[in-house]
Amino acid sequence: MLEKNNKRLVNAWASFDWSNSVYNLIITTAIFPIYYLSVTESAFGGETVQFFGLTITNSVLYSYAISFSFLVIVFLAPVLSGIADFSGRKKRFMQFFTYLGSLSCISLYFFTGENIEFGILCAVLASVGFAGSLVFYNAFLPEVATEDKMDRVSARGFAMGYAGSVILLIANLVLYMKYEMFGFASGGAATRFGFILVGVWWLGFSQIAFYYLEDRATGKKITFDILGNGVRELKKVFAVVRGKTVMLRYLTAFFLYIMGVNTVMLLAPLFGEKEVGMTANEMIIVVLILQIVAIIGAYFFALISKFRGNGFAISATLIIWIFICIMGYFLKDKMSFFGLAGLLGFVMGGVQSISRSTWSKLIPEGTKNTASFFSFYDVTEKIAIVIGTFSYGLIDQITGSMRNSMVFMALFFIGGFVVLQFAKLKKNLKQASIG
């Protein structure tokens with residue numbers, strides 16, 4: 001039985017954010033996409049590549065691959081989380097996805113462009129590993145912290161993740177810029193070695209969490225029959241969510257605003273390059289700003305929620321997000337983009353951290369199937385990413401400007417803000433914990 005609010009346990013749980021966030025920053029955002037475009041263009045003599053005999057643009061292929069990985073988790077995680085809850089083995093599944101993701105990152109070292117099928121496979125498996133492990137990691141939050149501590153504990157996890165990813169990103173940049181000093185033949189070779197560092201960092205530091213977190217083994221073996229039990233667990237969760245108005249309204253609000261959050265976060269670098277003329281090096285500086293300021297934001301809004309409640313804290317971030325989307329439409333110069341990026345990072349850390357802890361508080365006290373509840377949360381976010389990014393791209397294609405896409409994102413935040421007010425979190429959070 002895990003001891004809630006135990007300082008050592010809380011730090012160990014939060015250290016998992018430290019371990020896996022390097023993937024999200026270095027592989028998903030900052031370095032691998034640039035490397036991927038460079039080596040595939042070099043190998044195929046342009047943007048058009050051959051993938052299992054299919055002729056396709058390299059950037060489109062990569063986008064489809066990441067979207068596919070999200071869809072895999074959408075269909076896989078709910079069933080697996082139900083099985084994990086039924087068997088009491090959340091940590092076991094968390095370990096499986098961690099090892100899958102980290103080893104896939106290490107394997108990217110062997111991706112050199114011409115073996116594009118191998119590179120895409122590794123990228124997809126790494127993405128599945130990252131997203132899959134988060135379902136079970138988040139599900140441990142109600143087991144390591146009491147309701148009054150969840151906001152700050154969740155913020156600590158995100159803050160550690162932002163800090164760890166910045167450290168390794170800087171290390172990777174130093175390797176790339178000073179590759180000769182470290183004995184590499186080229187910047188590309190140093191970049192590939194950086195993928196190994198990501199995998200080793202992820203794999204190594206995750207052992208801290210695995211050492212302290214414990215499964216609640218039920219003694220029930222995992223067989224094909226348990227697949228049916230996993231589905232039944234999900235039906236129970238759905239019945240609880242549907243029966244509790246506050247949970248249903250919060251999840252609806254979360255779906256709307258997280259659609260805007262993830263879309264703006266994922267496509268901000270592309271917006272900066274296309275609409276403002278930011279260079280690759282300048283965009284890396286922007287990414288660093290986002291990560292560092294996000295640490296401050298995570299703790300700041302945890303403090304706000306302590307005094308004014310989770311609903312007020314999330315609502316405050318959404319108002320700022322709406323302002324960011326509107327200002328993005330009028331943005332012209334680079335200095336303004338740096339300033340807006342800093343503000344984006346500030347609310348990014350806040351909304352992600354408080355959203356996770358709010359959902360934890362809404363799960364009925366004493367619930368054992370927390371993984372199933374968090375799979376609902378995770379699937380909601382993944383579907384939102386698919387819809388949000390598609391909407392962003394469609395508007396850009398129709399209107400010919402990403403500025404229109406950016407201002408359109410404000411509608412998602414407005415919708416989320418309105419629905420959130422009907423959830424009445426301040427009144428219902430404590431009542432929900434009794435259920």
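Once fully extended, how much extra length lies between residue 426 and residue 306, figured as 0.36 nm per residue of separation less the alpha-carbon to alpha-carbon distance? All intermediate terms of the calculation are to be shown ahead of the outcome.
Details: separation 120, 0.36 × 120 = 43.20 nm, distance 1.11 nm.
42.1 nm is the gain from fully extending residue 426 to residue 306.
Treating cross-link reach as a plain straight distance, find the aspartates and glutamates whose alpha-carbon is under 16 Å from the alpha-carbon of residue 4, omitting any fewer than eight places away in the same chain.
143, 147, 148, 151, 214, 215, 365
In the structure shown, do any of 274/361; 306/368; 332/426; 382/426; 235/424 have a Cα-Cα gap over 32 Å, and if so which? All intermediate terms of the calculation are to be shown ahead of the outcome.
Details: 274/361 41 Å; 306/368 26 Å; 332/426 40 Å; 382/426 27 Å; 235/424 25 Å.
Pairs exceeding 32 Å: 274/361; 332/426.
Taking the range 144-224, which GluC sites (Glu not before Pro) meet the DSSP loop condition and have no more than 13 other C-beta atoms within 10 Å? Present the calculation step by step, with values, prior to reporting the outcome.
Working: sites: 147, 180, 214; in loops: 180, 214.
Those satisfying the criteria are 180.
Please report how far the C-alpha centroid of the range 370-384 lies from that of the range 123-180, rounded to the nearest whole angstrom.
18
Ordering 419, 128 by accessible area with a probe of 1.4 Å, largest first, what comes out? Intermediate results must be reported in sequence, preceding the final value.
On the way: 419 35, 128 10 Å².
Ranking 419, 128 by accessible area, largest first, yields 419, 128.
Pull out a ≥ b ≥ c, the square roots of the eigenvalues of the alpha-carbon gyration tensor of the range 337-411, then state rounded if a/c is under 1.5, prolate if not and a/b is larger than b/c, and oblate in the remaining case.
On the way: a/c = 4.32, a/b = 1.81, b/c = 2.38.
The shape class here is oblate.
For the chain, how big is the tail of P(r) above 40 Å, as a whole percent of Cα pairs?
Pairs farther apart than 40 Å: 14 percent.
By how many degrees, 0 to 90 and rounded to 10, does the Cα axis of helix 58-87 deviate from the longest principal axis of the chain?
20
If one takes the longest principal axis of the Cα atoms in the chain, at what angle in degrees, from 0 to 90 and to the nearest 10, does the Cα axis of helix 310-330 lie?
Computed tilt is about 20 degrees.
Return the aspartates and glutamates within reach of residue 178: Cα separation strictly under 14 angstrom, same-chain partners fewer than 8 residues apart disregarded; answer none if there are no such residues.
none
Assign one of three labels to the range 1-147, namely rounded, prolate or oblate, based on the Cα gyration tensor with a ≥ b ≥ c the square roots of its eigenvalues; rounded applies when a/c is under 1.5, prolate when it is not and a/b is larger than b/c, and oblate otherwise.
Details: a/c = 3.25, a/b = 2.21, b/c = 1.47.
Because a/c hits 1.5 or more and a/b exceeds b/c, the range 1-147 counts as prolate.
Would you mind classifying the range 301-435 by shape? Square roots of the alpha carbon gyration tensor eigenvalues, ordered a ≥ b ≥ c; an a/c under 1.5 is rounded, otherwise it is prolate if a/b is larger than b/c and oblate if not.
Numbers: a/c = 2.54, a/b = 1.73, b/c = 1.47.
Prolate, because a/c is 1.5 or more and a/b exceeds b/c.
Report the label-to-label distance for residue 394 and residue 365 in nanometres (one decimal), using points 7 Å from each Cα along the Cα→Cβ vector.
4.4
If you fit an axis through the alpha-carbon atoms of helix 32-44 and take the longest principal axis of the Cα set of the chain, what angle between them do you get, 0 to 90°, nearest 10?
40
Pulled fully out, how much extra length does the chain show between residue 196 and residue 42, if you take 0.36 nm times their separation in residues and subtract their Cα-Cα distance? Could you put the intermediate results ahead of the total?
Details: separation 154, 0.36 × 154 = 55.44 nm, distance 2.21 nm.
Stretched out fully, the residue 196 to residue 42 stretch lengthens by 53.2 nm.
Can you send over the carbon and sulfur percentage of the accessible area for the range 286-435, probe radius 1.4 Å, protein chains only?
Details: 4420 of 6220 Å².
The nonpolar share, carbon plus sulfur, comes to 71 percent.
If you roll a 1.4 Å probe over the heavy atoms of the protein chains, what accessible area per residue do you get for the range 265-320, in Å²? Mind dumping the intermediate values first?
On the way: 2540 Å² over 56 residues.
Accessible area per residue: 45 Å².
The values are calculated or read from the model by the stated rules, or taken from the named source; none is laboratory data. Bear in mind that the values here come from a model prediction, so they are computed numbers and not experimental data. Virtual Cβ from ideal backbone geometry, glycine too; neighbours counted across all protein chains shown. Protein only, heavy atoms only, side chains kept; ligands, DNA and RNA dropped before computing areas. Shrake-Rupley method; radii C 1.70, N 1.55, O 1.52, S 1.80 Å.
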